[in-house]
Amino acid sequence: MKTPIATLIGLLALADTVSAEPARFELDPAHTTIAFLVDHVGYAATLGLFAEVSGGFTYDTETQELSDLEVTVRTQSVETLNDARDEHVRSGDFLAVADHPDMVFTADGGVPSDATSGTVTGDLTLLGQTHPLTLDVTLNKAEAYPFGHGRFTLGISARGSLQRSQWGMVYGVDNGLVGDTVTLIIETEAMREAD
């Protein structure tokens, strides 16, 4: 017959093996930046960003299991700190925002490499084409926000790159005016949805 202490120890050991419930997180639009760098004629990289981003995902902080990730970027919101260039980037040479107002990244899983980093491979839909995209992801912080909304928040950095010609965006590639490789820089705070 087990003693009460032995039973308690057994229950605690069992509880320790059970993961936390996955929770739904939403990107905080005020603290989410999706930026990019692309070569300009070999002289320097041009920096741009998208001002309108929304999305969310389901994540288990104990098991690092990720699912149902979807991020939508409004292509019209692109900014490169130059009005004429912004209009060109919005044109059919690049983002074709009139025909493709949204760029969407979805993923349903990731591969942790340690307690705070890993990779997420999903699908990026851009210009009506969908191709795989892999991001290197770092979890910077996971705790209750110290002010304001006070919700449990994940601080996340992600980096990646793509060949824009794979999505049919070939303007300036052959003559070297605009680089094919686009470097992605993503910084976000994701808030756990209220129960």
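Brief remarks follow.
- In the range 24-61, chymotrypsin sites (Phe, Trp or Tyr not before Pro) in a DSSP loop with at most 10 other beta-carbon atoms within 10 Å: Y43
- Here the extension length gained between R159 and D68 equals 30.8 nm, from 0.36 nm per residue of separation less the Cα-Cα distance.
- The range 56-144: trypsin sites (Lys or Arg not before Pro) in DSSP coil with no more than 13 other Cβ atoms inside 10 Å: none
- GNM result for the chain, Cα springs below 10 Å: residue of V111, V71, V120 fluctuating most strongly: V111
- Entry for the range 92-188 at q = 0.11, 0.19, 0.23 Å⁻¹: log10 I(q)/I(0) = -0.45, -0.98, -1.18, Debye formula applied to identical alpha-carbon scatterers, no solvent contribution.
- Measuring r between the beta carbons of E26 and D83 and using R0 = 35 Å, the FRET efficiency lands at 0.65.
- The chain: mean projected area of Cα convex hull, nm²: 14.5
Every read-out reported here was derived from the displayed coordinates using simple, explicitly stated rules and does not represent laboratory data. Everything numeric here is computed off the predicted structure, so don't read it as measured data. Here Cβ is always computed from backbone atoms with ideal geometry, including for glycine, and neighbour counts include all displayed protein chains.
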